[in-house]
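Asks: Questions regarding the structure given below will be posed in turn.
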Amino acid sequence: MMEIAPAVLDPAVALVLSPGARILAFIWGVLWASFGNVVIHRVPLEMSVIRPRSRCGSCETPIAGWDNIPIISYLLLRGKCRHCDARFAIRYLVVEILGGLLSFALYIQIVHVPLLTGGFDLVTPLLSWLFWFAFGLALMIITFIDLDAWIIPDVVVLPMAILGFATAWINPDILGVPGLEATLSGVSGYCMFWGIRWVYLRFRGIEALGLGDAKLLLMVGAFQGFPGLVWCIGAGAVQGLLISVPMLLLGRNVANSDLHDVHGDDPELGEEDPDGAVVGHRVPFGPFLALAAMEYVLLRPTLDGLFQQWMTP
């Protein structure tokens with residue numbers, strides 16, 4: 001018979017390890033992802049994320065509460081408005097499901113498994129789960145906004161970077177990154193991309209990387225330290241090539257819109273190179289950085305072990 005860790009005898013720990021707690025973790029993620037959908041839609045339009053209440057984009061009818069239940073309402077209404085039958089984007093359903101799965105996965109990894117294997121500290125794992133879920137939700141929001149509007153909004157990335165820095169200095173156990181490392185890695189990531197952007201603007205007259213990507217690395221470094229920053233840049237670049245090049249060869253855009261349709265004829269954007277084949281096309285880099293950063297969160301024990309082996313002589 002499997003031996004049960006003594007910590008399970010504590011009623012509070014037993015509650016946290018219960019199936020109901022895991023279901024609530026999923027629901028928590030779904031609810032916040034539903035709010036994330038509001039942010040994704042409204043922030044590029046410079047609208048308030050609080051008012052007005054959700055409404056159909058076609059007939060402008062406010063959506064009733066019973067038609068605004070995450071996942072369930074979308075499925076019952078078959079992705080259509082009850083009043084005008086206009087279709088809602090499948091993204092709403094995808095984001096809500098991803099939010100629930102992300103919260104559930106992080107809960108199992110950060111709270112459930114450590115307590116099940118003999119951990120006695122309850123507060124730190126719960127706080128860690130909440131902070132890492134907030135980080136993951138921000139990455140999802142950034143991904144979909146960048147794909148739609150070619151921007152990484154300051155209103156999302158900068159508060160999250162500040163939260164990461166403050167947490168690393170006040171209680172480094174929550175993120176597992178000391179304050180000094182978080183600060184140095186975040187600033188290093190920002191300065192690296194700022195420098196690349198400056199070189200391209202100075203010598204080629206085009207903006208190869210936006211400052212939004214640099215600010216995203218500021219946030220990633222604040223939460224994940226140097227190992228996460230290195231993984232984010234390296235894996236993000238590799239996965240960006242592996243995904244974007246085949247799509248461009250097939251004549252498909254990686255983003256959901258054209259850069260110049262969104263931002264107009266900004267001279268700093270320059271022109272795409274007509275002779276550069278797929279290399280001459282622009283691709284939003286933020287989603288690939290966000291994907292790599294989320295991979296590090298979910299695979300952190302394994303990746304940290306590989307990083308230590310790489311750094312050890």
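The values are calculated or read from the model by the stated rules, or taken from the named source; none is laboratory data. Given the structure is predicted, the values throughout are model-derived calculations rather than measurements. FYI the Cβ positions are ideal-geometry reconstructions off the backbone, even for glycines, and counts take in every protein chain you see.
Asks: All but one of (1) out of contact with any Gly (no Cβ under 8 Å at 6 or more places or on another chain); (2) at pLDDT 95 or above; (3) buried (at least 19 other Cβ atoms within 10 Å of the Cβ); (4) under 30 Å from PRO19 (Cβ atoms) hold for MET160, so report the exception by its number.
Replies: Every listed condition holds for MET160 apart from (4).
Asks: Identify, from the list SER73, SER48, SER103, the residue that is out of contact with any strand residue (DSSP E or B) (no Cβ under 6 Å at 6 or more places or on another chain), exposed (fewer than 13 other Cβ atoms within 10 Å of the Cβ), among the polar types (S, T, N, Q) and modelled with pLDDT of 85 or more.
Replies: Answer to the selection: SER48.
Asks: Another question, then. Restricting to segment 203-253, what's the tally of residues that are part of a helix (DSSP H, G or I), aliphatic (A, V, I, L, M) and under 26 Å from VAL155 (Cα atoms)?
Replies: Going through segment 203-253 one residue at a time, the tally reaches 13.
Asks: Name the one entry in VAL177, VAL199 that is free of Cβ contacts under 8 Å to residues at least 60 places away in the same chain and in a helix (DSSP H, G or I).
Replies: After applying the criteria, what remains is VAL199.
Asks: What are the pairs, 6+ residues apart or on separate chains, where a residue within segment 131-156 that is outside the structural domain of GLU46 (by TED's automatic domain parsing) has its Cβ under 6 Å from a residue that is among the hydroxyl-bearing types (Ser, Thr, Tyr)?
Replies: PHE133/SER103
Asks: Here's a follow-up. Could you tell me which of the residues ALA138, ALA105 is under 26 Å from GLY212 (Cα atoms) and under 22 Å from the mean Cα position of the chain (by Cα)?
Replies: ALA138
Asks: Same structure again: How many residues, within segment 85-100, are at pLDDT 85 or above and not in a helix (DSSP H, G or I)? Reasoning before the result, please.
Replies: Let us first name the residues in segment 85-100 that are at pLDDT 85 or above, namely 87-100.
The next check asks that each one be not in a helix (DSSP H, G or I); those that pass are 87-89.
Number satisfying all stated conditions: 3.
Asks: Sticking with this structure for a sec: Which pairs turn up if I take residues in segment 5-30 that are outside any helix (DSSP H, G or I) and look for partners that are exposed (fewer than 14 other Cβ atoms within 10 Å of the Cβ) and modelled with pLDDT under 90 with beta carbon separation below 6 Å, at least 6 apart in sequence or on another chain?
Replies: That search, which allows pairs on different chains as well, returns ALA5/GLY118.
Asks: Cβ-Cβ under 7 Å, sequence separation 6+ or interchain: first residue in segment 243-256 and more than 14 Å from PRO287 (Cα to Cα), partner in a helix (DSSP H, G or I). Which pairs?
Replies: VAL245/VAL278; LEU248/VAL278; LEU249/VAL278
Asks: Test LEU130 against the criterion of being under 30 Å from ILE97 (Cα atoms), at pLDDT 95 or above, hydrophobic (A, V, I, L, M, F, W, C) and part of a helix (DSSP H, G or I), and give yes or no. Even if it seems obvious, please write down each step before you answer.
Replies: Details: under 30 Å from ILE97 (Cα atoms): yes; at pLDDT 95 or above: yes; hydrophobic (A, V, I, L, M, F, W, C): yes; part of a helix (DSSP H, G or I): yes.
Considered against the rule, which asks whether it is under 30 Å from ILE97 (Cα atoms), at pLDDT 95 or above, hydrophobic (A, V, I, L, M, F, W, C) and part of a helix (DSSP H, G or I), LEU130 comes out as yes.
Asks: Applying the selection to segment 145-155, what residues are under 23 Å from VAL283 (Cβ atoms) and surrounded by fewer than 23 Cβ atoms within 10 Å (Cβ to Cβ)?
Replies: Residues satisfying the conditions are LEU147, ASP148, ALA149, ILE151, PRO153, ASP154.
Asks: Identify, from the list ILE27, ILE63, the residue that is at pLDDT 80 or above and buried (at least 17 other Cβ atoms within 10 Å of the Cβ).
Replies: On the way: ILE27 fails: buried (at least 17 other Cβ atoms within 10 Å of the Cβ).
That would be ILE63, the only listed residue that is at pLDDT 80 or above and buried (at least 17 other Cβ atoms within 10 Å of the Cβ).
Asks: To continue, here is another question. Could you list, in sequence order, the residues of segment 208-228 that are within 19 Å of SER128 (Cβ to Cβ) and within 16 Å of the chain's Cα centre (by Cα)?
Replies: Correct list: MET219, VAL220, GLY221, ALA222, PHE223, GLN224, GLY228.
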